[in-house]
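Data first, discussion second: the structure below is written as structure tokens.
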Amino acid sequence: MAIQIIKNQGIFEIKGNIVAENATSLQHHFEKLLTKTDKIIVCIDKVKKIDASGVLTLTKLFKNAMKNNKIFYVIGKENKKINTAFGKVSYLLKSDFV
């Protein structure tokens, strides 16, 4: 399934699945954006499925942003379908208010 990223009021909403097949392109997309901006907020409320690659990709983006003094928020803690996938890195998920 293709992934869709929509910018809505400064928040990047991801629809679809964040899985191995699209994790690399997702990472490149946000890495490019991080070179142009200091703050990225990603909403995963509409993500149906995330696998280990997807979690790893979001973790890498978060760590890269921190290393470069940038902000990378992932909101969508209320999405029960995917929040359990984060396990030890659940600190990445913020509540849906920013």
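The values are calculated or read from the model by the stated rules, or taken from the named source; none is laboratory data. Note that the structure is a prediction, hence the values are computed from the model and not measured. Heads up, the Cβs are rebuilt from the backbone with ideal geometry, glycines too, and the neighbour counts pull from every protein chain shown.
Among residues of segment 11-25 that are within 20 Å of D38 (Cα to Cα), none has a Cβ under 7 angstrom from a residue that is among the aromatic types (F, W, Y) and part of a strand (DSSP E or B) at a sequence gap of 6+ or on a separate chain. Filtering segment 28-59 to residues that are crowded, with 19+ Cβ neighbours inside 10 Å and either outside any helix (DSSP H, G or I) or free of Cβ contacts under 8 Å to residues at least 12 places away in the same chain (or both) leaves I40, V42, C43, I44, V47, I50. Pick out the one residue from K94, K70 that is charged (D, E, K, R), free of Cβ contacts under 8 Å to residues at least 60 places away in the same chain, buried (at least 16 other Cβ atoms within 10 Å of the Cβ) and touching a strand residue (DSSP E or B) at 6+ places or on another chain (Cβ under 8 Å). Selected residue: K70, the only one of K94, K70 that is charged (D, E, K, R), free of Cβ contacts under 8 Å to residues at least 60 places away in the same chain, buried (at least 16 other Cβ atoms within 10 Å of the Cβ) and touching a strand residue (DSSP E or B) at 6+ places or on another chain (Cβ under 8 Å). Annotation: of all residues in segment 75-84 being of a type in the set (D, E, K, R) and part of a helix (DSSP H, G or I), the one that is nearest to H28 (Cα to Cα) is K81. A single member of F72, F62 is assigned to a strand (DSSP E or B), touching a helix residue (DSSP H, G or I) at 6+ places or on another chain (Cβ under 6 Å) and modelled with pLDDT of 85 or more, and it is F72.
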